[in-house]
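The values are calculated or read from the model by the stated rules, or taken from the named source; none is laboratory data. On a predicted model such as this, the values are computed, not experimentally measured, just so you know. Virtual Cβ from ideal backbone geometry, glycine too; neighbours counted across all protein chains shown. Side chains are part of the model used for accessible areas, which takes the heavy atoms of the whole protein and leaves out ligands, DNA and RNA. Shrake-Rupley method; radii C 1.70, N 1.55, O 1.52, S 1.80 Å.
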Amino acid sequence: MTTQQAIELIKSGRNEITSTILKDLIADHVPLREYMIKRYNEYAGEVEIKNRIFDNPNKINNKLANDYRGEIVDSIVGYLFGVPIRWTINPKNYKETEIEKINEYVDDFLTRNDVADLDSTTGEYATICGRAVRLLWVDRQGTERAMNIAPWEVILVEDATVEEVIFAMIYYDITEVDSSLNKTVRRVVEWYDDKTVTYYIEDASGNYILNPSHPVNPVPHLFDFVPVIPFYNSNLKASDFDKVSSLIDAYDRTLSDVQNEIEEFRLAYLAFFGVEPTKEAMQEARRSGAFGMDVGEDIRFITKNLNVEAIKDHKDTLKENIYHFSKTVDMSDEKFSGGTQSGESRRWKLQSFENRAITKERKFTKGLRQMVRVLTSAWAKKGLDLKPEHVKFIFTRNLPVDQAYMADIAVKLKGIASDETTLSFVPGVQDPKAEMEKIRQEEEERYSMSPEKMALIESPVESNQ
């Protein structure tokens, strides 16, 4: 049975989940699983150069790994998620008492699950593996929780017509130890539909059976949708360093080979002309650092000529292409970070980087919307009526700000744009609406003061020294 045939049977409701179906799904998932694990290991430092072996074991073999993959991932994750994503709810859609209750639920969920850190990790997984997966569940206290799942441990069955997960499978290995301390590795499976989660475990014969450690099986998960939410990196669902992996490996080889040549050069060979040195003579030469030779005999170093300029040009080309084709900015480049560069100039140099960030933001927002859809289905059972479409997500780029430049824009916008838009350009103002409310309150306090107090504030009396 093919995976697609198994999925069609499951969707039709004509067949329950069987061991064969689970095995087929896992077998079909192997190439994607291996791809994601490989990419994650590369990000962690397990790269091609580390495994290089020369035919001659006596040849110097440096294995210099340059962490461009980490640079690509960390820069975009820091840029997009360095400032926590803000959740906002339009108060016009709810009564004041409803907004207070909604904000209480939202704030509690964000704080309890440390969602700022959760988002950053989700973005990291997506950037490295091409996708990330988040699981929602209800704990024993009845509160909603969220966690990231290693994406290579998740199989998603999606309905392409509505782009919705209709089934999800989480699988991983556990090690069991018996009374004799014998270890057995078994694979466990969690199968999710829109109402329940069913637990399976691999038995001694390699078949999947209902896990006996769960007396109630399946178990209601208390949501109205599958609580396994994917976050895709792009339409291709590929790692951010896919296109430049070969360039990074070539850079590693080049730098390692140059280091090999330098060390081989330092250990240059001696050529003896007209004499065959004895072992004792060589040992004495190492001790004293000199050779004594008769007339007509000669010793010379066999040296190597390194074309330094050609090597440098090759390295620079590889480096430039890595940044260019990964759409990442070299922050150390004088053309970007130099003191003569203006804020507007830097923004133009960030254009490709920003375009990539915009795509990621849209994909991530789609995942967040689905998460809120699942989350609010549980809140509705508690009497909280929050429409998922009323929740907005605000991303703020984590980038040094040219404050003078931004303040100048704000001044020039005064009287042309709304106060909220103008305040959005003022450095340090993260929430223009909240800032407008503070300004209004300060004006009310000022108007409520008596003329005498106002005079004291505007013209304070100097105290005697």
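For this structure, a couple of remarks:
- With both labels modelled 7 Å from their Cα along Cα-to-Cβ, the N56 to D28 distance reads 5.2 nm.
- Of the trypsin sites (Lys or Arg not before Pro) found in the stretch 67-109, those that fall in a DSSP loop while having at most 12 other beta-carbon atoms within 10 Å are K95.
- The label point for I99 and the one for E176, both projected 7 Å from the Cα toward the Cβ, are 5.6 nm apart.
- Hits among lysines - C-alpha to C-alpha of K92 under 24 Å, sequence gap 8 or more where chains match: K101, K366, K381, K382, K387, K392, K433, K438
- When all protein chains stay in place and ligands, DNA and RNA are ignored, the 1.4 Å accessible-area order of S424, S326, largest first, is S424, S326.
- Where Rh is the Kirkwood radius over Cα pairs, Rg/Rh for the stretch 97-152: 1.08
- Over 26 Å apart at the Cα level, from the set K63/K183; K38/K363; K319/K360, are K63/K183.
- Every Cα-Cα pair of the stretch 14-82 was included, and the share exceeding 19 Å stands at 61 percent.
- Mean shadow area of the stretch 137-280, taken as a quarter of the surface of its Cα convex hull (nm²): 20.6 nm²
- Quarter the surface of the alpha carbon convex hull of the stretch 1-149 and you get the mean projected area, 16.1 square nanometres.
- L25 accessible area, 1.4 Å probe, all protein chains in place, Å² to nearest 10: 10 Å²
- Note that the stretch 276-318 shows a convex hull volume over its alpha carbon atoms of 140 Å³ per residue.
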